Amino acid sequence: MTKVSEQIENVTLNDAGPIIDDTKTYGSAKGWLTYRILLVGFLVSFLGSRLASFGLAVWYYQQNNQVSQFAMIALAAILPGLLIGPWAGAWVDRFPRKRILIISQLLLFSAAVVLYQLFLAEQLKLEFILPLVAMVSISQSFSGPALSASVTLMVPKDKLGKASGLRQLGIGVIRLFAPMIAGWLLLQVELKGIFPITLATMLVGLFTLLACQIPDPKKSAQPKSKSRSWQDITQAWRYLKQRPGLLHVLLVVAFVNFNLAAVSLLFVPMVLSFANEAELGTIMSASGIGLIIGGGLMSIWKGPTKKMPMFLIASISISALLCLIPMVTNSWLFALGTIGVMICFPMINTSSQVLWQTKIDPEYQGRVFAFRQSLVGSMMPLSVIVYSWLADKVFYPALLENGAWVNVWNGWLSGLFGVGEGRGLALLASMLGLISLVTLLVASLNPRIRKLEQEIPDYDTPAHDKRAA
């Protein structure tokens, strides 16, 4: 239930922060200043969206008490964006990015307005929510690649890590405090009072975007009339095939995310096997604390010159922690482990984002980033389908009292994970962490991945191959 609620919370999120353009000042001091100003606008909008999505999730479940409907909404929040993602990336590269971001922001604002009006008219039903959620999903499939590709041209190369760290720090703070604020607002002004706050914050993001310019990359000499969206999508694939190090990293990340998505699905029932609801809330807040620490660290420290070692070390650390944390049945130790995991995520995201932003020619970043987003994003629904069956039918009953695996290896498994409800899920989570750990250790031996930064020059170096693959 909680995991599905988080999916609904993401429905109205405005992840398409505003950006900048001055084709003569790529990566300039002016761009760095403007990025920070625009980040404030984005975070204000993100806070309002988080308040509304949390409030809406609580209100809707109280009205319906049907988890199946939550699952349908979660699916509508994911699938449309995944399906249209590659085409969205092609459009990001073919049209002015400021225009795309403004349209995306307007779609998000319009969806929030319609949701508010339906709520006031007491007509906020599933048949109306699903298309609005799908519209938001499609909008974000455009805004995500457009934002990432634009930041590359705004921020000086040596500050890309700090830019990513600042954004993740802000998001971590909001994810920590927004549920508390929303819970207080629900008691004071109810959902009808939260919607106007959300609309006001979205307008802040929109006006900040309108007031700034956004850089578009220099285009190649090929005529636009001969370009087709499908050709643009296949170009993204061929572009990556010519850079096997990046392609190998992408495939490894997709597989690891396939496992981590299942771990997040198992999180709540696993914790509730030894903790109460209040302790669960404390542990979930610990994840926000970890994001704040990690994001704060990356915002003041740009990280090592070589990003791939940090990416691999942080990824391996998370996988190793996920092998061990599910064995813990003490709330405070579990919370400490969760903080450790979440500290590593900003390091992974920052190093990965900087690598992609510096190695991919800006002319192709929209297509390539959208391809990456769709591939990695598709792992979540696939993971839910595969591992939810395994969790329910195999692992959950395995470590119940008198379960099939209680006495396996002379009780070694039950000695590590315990016996009772949810302990089989802890075993599955630990196994997924182990699979990810082995995958990453093997990947670290791959010379294409280990030497990626030496083999693939930055896009602004003379040695960089600017062909469209």
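The values are calculated or read from the model by the stated rules, or taken from the named source; none is laboratory data. Remember, it's a predicted structure, so these values are computed and weren't measured experimentally. The protein model used for the area step is the full one, side chains on, heavy atoms only, and it has no ligands, DNA or RNA in it. Shrake-Rupley method; radii C 1.70, N 1.55, O 1.52, S 1.80 Å.
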**Study point:** Computed helical MRE - 222 nm, the chain, DSSP H runs ≥ 4 contributing -39500 (n - 2.57), nearest 500
**Key:** -25500 deg cm²/dmol
Practice item. Give the distance, in whole Å, between the Cα centre of region 378-394 and the Cα centre of region 83-158. Key: 28 Å
Practice item. Enter the per residue convex hull volume of the chain, computed from alpha-carbon coordinates, in Å³ rounded to the nearest integer. Key: 140 Å³
Revision key, fill the gap. For region 322-469, the percent of all C-alpha pairs falling in each 5 Å bin, from 0 up to the bin holding the max distance, is 2, 8, 11, 15, 16, 13, 10, 8, 7, 5, 3, 2, 0, 0
Check your understanding: Over region 238-374, what percent of the accessible surface lies on carbon and sulfur atoms, probe 1.4 Å?
Key -> 71 percent
Study note, to complete from the structure: Averaged per residue, the 1.4 Å probe accessible area of the chain, protein heavy atoms only, in Å², is roughly 43 Å²
Revision key, fill the gap. The convex hull of the Cα atoms of region 81-238, divided by residue count, gives a volume in Å³ per residue of 152 Å³
Check your understanding: Across 5 Å bins from 0, what is the distribution of all Cα-Cα pair distances for region 177-219, in whole percents?
Key -> 5, 18, 17, 16, 12, 10, 8, 6, 4, 3, 1
Practice item. Would you mind checking the pairs 98/192; 30/241; 98/451; 159/306 and listing those with alpha carbons more than 25 angstrom apart? Key: 98/192; 30/241; 98/451
Review point. Which value results for Rg/Rh of region 247-290 when Rg is the Cα radius of gyration and Rh the Kirkwood radius based on the inverse mean 1/r?
Key: 1.16
Revision key, fill the gap. So the compactness index of region 128-210, its C-alpha Rg divided by 2.2 N^0.38 Å, takes the value 1.37
Exercise for review: On each of the three principal axes of the Cα atoms of region 235-324, give max minus min coordinate, whole Å, ordered largest first.
Suggested key: 52, 31, 24
